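First the structure, in the form of structure tokens, and then the observations on it.
The values are calculated or read from the model by the stated rules, or taken from the named source; none is laboratory data. Keep in mind that what you see is a predicted model, and the values were worked out from it rather than measured. Using ideal geometry, Cβ is built from the backbone for each residue, glycine included, and neighbour counts are taken over all protein chains shown.
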Amino acid sequence: MAVTGTRRAEPASPRTANLAAVLRALRGGPLSRTQLAARCGIAKSAVPGLLTDLAGRGLVRAAGVLPGNGRPSRLVELHGEGAYALALSIEADRLSAVATDLAGRVLAERAETVDVAALGLQRGMDELAHLAREVLPGAPVGVAISVPGLVDSAAAVLRLASALRWRDAEIAGLMAARLNVPAEAVAVDNDANLGALAESLDGAEDLFYLSGGTTVGGGLVSAGTILRGARGFAGEVGHIAVDPVGERCACGRTGCLETKANLAAVLRAAAPPGDPLHDPALGV
Ligand SMILES: [Zn+2]
């Protein structure tokens with residue numbers, strides 16, 4: 001899974017960590033055993049055993065030989081179809097589900113436009129699980145859920161999503177029960193954090209990702225890792241107070257940036273009430 005550090009788990013055993021390191025290294029393409037040892041910082045003698053384990057789980061396979069002079073080096077690659085991951089997204093007006101294989105290839109995707117706040121938490125999660133089942137070819141090894149709000153990532157709880165009117169929602173547990181997967185297999189994170197992480201996969205190790213729409217948020221990546229801050233809300237610029245006598249924000253405070261710069265505020269500033277720009281059918 002692309003999402004990391006979303007739960008305080010027991011440290012992985014050295015073998016599990018090595019298996020994960022091999023899989024991560026192979027995401028870049030086929031490698032020889034010598035290359036894997038060097039990339040993963042593990043002894044070359046340990047690589048065959050790890051590959052046998054992964055091949056037995058259907059996660060890697062042989063991929064020809066490395067061209068060149070001398071003794072040929074056999075290559076190994078990810079067996080993409082060996083496992084599935086599920087990415088789910090909850091937005092104020094849209095639910096979506098994407099299934100990928102282990103190599104990150106999109107297998108199927110579905111989305112629907114819906115007023116999620118009107119559905120409420122339980123029915124919203126029912127609807128999202130329904131989309132998930134439509135795209136999944138089998139049991140997923142991991143599920144990541146993007147939510148537009150403040151997430152206590154250690155507890156995998158959505159503390160507040162003002163756009164959804166959800167508070168202290170145990171998203172991971174609710175989805176795990178619906179998909180019949182362990183709660184530990186479900187990661188929940190803020191949409192801007194996941195946007196920042198996705199951008200960093202293209203090679204930018206340090207970046208700030210600013211998201212603007214129904215809500216305003218931000219995600220910080222430093223050295224390739226999401227920076228969460230002491231309380232887990234680092235980068236959440238949407239709730240910085242910018243106007244001490246401004247509007248009341250859905251978070252309960254006054255004059256947050258979100259009240260000035262979210263989609264509704266921009267539309268209000270751009271056109272008077274009654275202007276066709278406000279027509280929801282336009283999908284602005
Ligand atoms: Zn606020």
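Some observations on this one:
- The residues in the stretch 109-142 that are surrounded by fewer than 17 Cβ atoms within 10 Å (Cβ to Cβ) and touching a helix residue (DSSP H, G or I) at 6+ places or on another chain (Cβ under 8 Å) can be counted, and the count is 10.
- Scanning the stretch 199-221 for residues that are out of contact with any Pro (no Cβ under 9 Å at 6 or more places or on another chain), within 16 Å of PRO148 (Cβ to Cβ), of a type outside the set (Phe, Trp, Tyr) and buried (at least 21 other Cβ atoms within 10 Å of the Cβ) returns VAL216, GLY218, GLY219.
- At least 1 residues being charged (D, E, K, R) is the threshold, and among the strands (runs of 3 or more DSSP E) wholly inside the stretch 168-284 those reaching it are 186-190.
- Test: residue in the stretch 198-214 that is out of contact with any Gly (no Cβ under 8 Å at 6 or more places or on another chain) and hydroxyl-bearing (Ser, Thr, Tyr): yes
- Checking each residue in the stretch 214-265 for being more than 21 Å from ALA117 (Cβ to Cβ), hydroxyl-bearing (Ser, Thr, Tyr) and within 11 Å of the ligand (Cβ to nearest atom) picks out only THR254.
- Of the residues ALA196, ALA250, ALA270, the single one that is crowded, with 19+ Cβ neighbours inside 10 Å and at pLDDT below 90 is ALA250.
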